[in-house]
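The values are calculated or read from the model by the stated rules, or taken from the named source; none is laboratory data. This one's a predicted model, so the numbers in the text were calculated from it and none came from an experiment. Note that we place each Cβ from the backbone using ideal geometry, even for glycine, and neighbour counts take in every protein chain shown.
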């Protein structure tokens, strides 16, 4: 497996990082987390480089595990090596977890072959090279374990399997939200089918308590991510060309009336990606069908649940399934129906392993299998290099991204934009605004005849501004002003910021037209302190996770107590 994974990532070692669709986003996240750690913030919430250094609350909503892994690797490796190291960790972890799952129902050798098929399937290459969706790639580690602990029967402790299933659920949510949504629906389907097949509710009962426990374990991130969506424009995540209805199998959308050149470019790129993804869907569906047919006589307990799951995934690729996408909670936030190929790739690989002969292979058979797998890995690496690998331009390569991060920052993310702020408005935020510095003092605009309150005016006051501290989640600025006004900080306003002026909470803090925080100051000296505070929803999430940890430890203790008499009897 190690050789297969090594060959699969050779294009990254040979040609450098592939600047796929989401690569910049993930690299920026790693850089942000590494900087926050150096400032003593273990679990950052604010991405300070977004909106050209005005920031955004990205990490309230984006799960931590993938960015923590990237940041940790970047702290010990050159940033140019970090994407390669991340891919190696993700693919090796996926191969290991799949082999652990497959060994439950097929022999060791067949499980190893199937694990290699899992990590080299075309969708995995598409995710790594064309899309650069590295969090989704990391989530591939957990999907096989979900099947293992969701369908495992036999001598294993029921409590222990349930606890492991809960931990996998938590890991999925803390890695990639779309993969977690898919996995939870997959689990519900396969345990229901397996329960009907066995005429037993044992698996359903286990999942019924393991899923809530897993969600509670991830509560420290999940509760704020759900509650604080009301403060941002989260629905922009499913805007035009990001909606399910725009990405059904070969369902190319047409240009809207009056489309400009930028709209046409985005549409053409979307359709190019959709064409590639659609052919991958066709290939995996056909391969899965053949593997299911070949494995039908093995009478495995998991054959029926996985085949039905695969058939359901196939149905979701066609436009007539749109009513399901809209009716099932949160399913529309997957954005692309072909994202289900992450699950179908796992189903195909398992069915292929199940279809292999059950007898112990001879040395010659092992050698032939090894050569075939190495050749397959080489072919997939060649496909990735020729078809999926995305070149980096002067602004997208890793060195340029690091420099931009340290200097002028990056554009903001639509779905994490504050309510009422339009990042695309004419005259809005741009990288050229950096010359104004982190803080300016503006005049107070008098109330108009309609009774509106005062706000930051257009006239700048010649005040003395001294930035004492400007960290990701803590800023301190000294303002000496000749007259009352507003200190406008180059910082997006957000309800989680706690603002004090001269030690007390000022009245009348508001935002300017760009969404930046405007703090009233008086004539004379003003010491402004802005800190990220732990909001009530965050405390609720932390409390939920701590309670879930206590329950998990109690269950582990109970499972150990139950196992001791069983061992004594044997």
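What are the residues in the stretch 274-299 that are farther than 19 Å from residue 339 by Cβ and touching a helix residue (DSSP H, G or I) at 6+ places or on another chain (Cβ under 6 Å), if any?
Matches in the stretch 274-299: 291, 292, 294, 295, 298.
Within the stretch 296-366, which helices (runs of 4 or more DSSP H) (wholly inside it) include 2 or more residues that are surrounded by fewer than 13 Cβ atoms within 10 Å (Cβ to Cβ)?
Details: elements: 303-315, 322-327, 341-355.
Fully inside the stretch 296-366 and qualifying: 322-327.
Which of the residues spanning the stretch 140-174 are outside any helix (DSSP H, G or I), touching a residue at least 60 places away in the same chain (Cβ under 8 Å) and within 19 Å of residue 556 (Cβ to Cβ)?
Within the stretch 140-174, 157 is the sole residue that qualifies.
Would a scan of the stretch 118-141 turn up a residue that is in contact with a helix residue (DSSP H, G or I) (Cβ under 6 Å, 6 or more places away or on another chain) and closer than 21 Å to residue 201 by Cβ?
Within the stretch 118-141, none of the residues are in contact with a helix residue (DSSP H, G or I) (Cβ under 6 Å, 6 or more places away or on another chain) and closer than 21 Å to residue 201 by Cβ.
Which number in (1) in a loop (DSSP other than H, G, I, E, B); (2) at pLDDT 80 or above; (3) farther than 26 Å from residue 59 by Cβ; (4) within 42 Å of the chain's Cα centre (by Cα) marks the one condition that residue 427 misses?
(2)
Answer yes or no: is there a residue in the stretch 124-136 that is within 20 Å of residue 99 (Cα to Cα) and either outside any helix (DSSP H, G or I) or in contact with a strand residue (DSSP E or B) (Cβ under 7 Å, 6 or more places away or on another chain) (or both).
no
Which of the following residues is within 18 Å of residue 313 (Cα to Cα) and crowded, with 18+ Cβ neighbours inside 10 Å: 223, 232, 211, 193?
On inspection, the qualifying residue turns out to be 193.
For the condition in a helix (DSSP H, G or I) and buried (at least 17 other Cβ atoms within 10 Å of the Cβ), what is the one hit in 290, 273, 282?
Just one listed residue meets the conditions, 273.
Please go through (1) over 24 Å from residue 226 (Cα atoms); (2) not in a helix (DSSP H, G or I) for residue 95 and return the number of the only condition it doesn't satisfy.
The number of the failed condition is (2).
Go over the candidates 541, 508, 560 one by one and state the one that is exposed (fewer than 14 other Cβ atoms within 10 Å of the Cβ), in contact (Cβ under 8 Å) with a residue 12 or more places away in the chain and not in a strand (DSSP E or B).
508
When you check residue 534 against the structure, is it part of a loop (DSSP other than H, G, I, E, B) and either out of contact with any strand residue (DSSP E or B) (no Cβ under 8 Å at 6 or more places or on another chain) or surrounded by fewer than 16 Cβ atoms within 10 Å (Cβ to Cβ) (or both), yes or no?
Taking the combined requirement at face value, the residue satisfies it.
Output yes when any residue across the stretch 31-38 is free of Cβ contacts under 8 Å to residues at least 60 places away in the same chain, more than 30 Å from residue 114 (Cα to Cα) and buried (at least 24 other Cβ atoms within 10 Å of the Cβ), and no when none is. Explain how you work it out, then say what you get.
Within the stretch 31-38, the subset free of Cβ contacts under 8 Å to residues at least 60 places away in the same chain is 33-34, 37-38.
Cutting the leftovers down to more than 30 Å from residue 114 (Cα to Cα) gives us 33-34, 37-38.
The next check asks that each one be buried (at least 24 other Cβ atoms within 10 Å of the Cβ); those that pass are 33.
There is at least one residue in the stretch 31-38 that is free of Cβ contacts under 8 Å to residues at least 60 places away in the same chain, more than 30 Å from residue 114 (Cα to Cα) and buried (at least 24 other Cβ atoms within 10 Å of the Cβ).
Do we find a residue being surrounded by 14 or more Cβ atoms within 10 Å (Cβ to Cβ) and under 28 Å from residue 219 (Cα atoms) anywhere in the stretch 514-531?
yes
Could you grab me the full set of residues in the stretch 492-503 that are out of contact with any helix residue (DSSP H, G or I) (no Cβ under 9 Å at 6 or more places or on another chain) and either modelled with pLDDT under 95 or assigned to a loop (DSSP other than H, G, I, E, B) (or both)?
493, 502, 503
Would you tally the residues in the stretch 60-73 being in a helix (DSSP H, G or I) and either surrounded by fewer than 23 Cβ atoms within 10 Å (Cβ to Cβ) or modelled with pLDDT under 95 (or both)?
Keep residues of the stretch 60-73 that are in a helix (DSSP H, G or I), which gives 60-61, 65-73.
Right, trim to either surrounded by fewer than 23 Cβ atoms within 10 Å (Cβ to Cβ) or modelled with pLDDT under 95 (or both) and you get 61, 65, 68-69, 71-73.
Of the residues in that region, 7 qualify.
Using beta carbons and a limit of 7 Å, which pairs, at least six apart or on different chains, have the first residue in the stretch 238-263 and on the phi < 0 side of the Ramachandran plot and at pLDDT 90 or above and the second one assigned to a loop (DSSP other than H, G, I, E, B) and surrounded by fewer than 16 Cβ atoms within 10 Å (Cβ to Cβ)?
Listed pairs, sorted by first residue: 248/318; 249/318.
Inside the stretch 33-59, can you point out the residues that are at negative phi and in a loop (DSSP other than H, G, I, E, B)?
Residues of the stretch 33-59 at negative phi: 33-39, 41-50, 54, 56-59.
Result: 39, 41, 42, 43, 44, 45, 46, 48, 49, 54, 57.
Just give me the residues in the stretch 374-424 being over 26 Å from residue 74 (Cβ atoms), free of Cβ contacts under 8 Å to residues at least 24 places away in the same chain and either assigned to a helix (DSSP H, G or I) or in contact with a strand residue (DSSP E or B) (Cβ under 9 Å, 6 or more places away or on another chain) (or both), in sequence order.
Of everything in the stretch 374-424, those that are over 26 Å from residue 74 (Cβ atoms), free of Cβ contacts under 8 Å to residues at least 24 places away in the same chain and either assigned to a helix (DSSP H, G or I) or in contact with a strand residue (DSSP E or B) (Cβ under 9 Å, 6 or more places away or on another chain) (or both) turn out to be 375, 379, 382, 386.
Out of everything in the stretch 74-110 that is modelled with pLDDT under 95 and under 19 Å from residue 376 (Cα atoms), what residue ends up being surrounded by the fewest Cβ atoms within 10 Å (Cβ to Cβ)?
Among them, the one singled out is 109.
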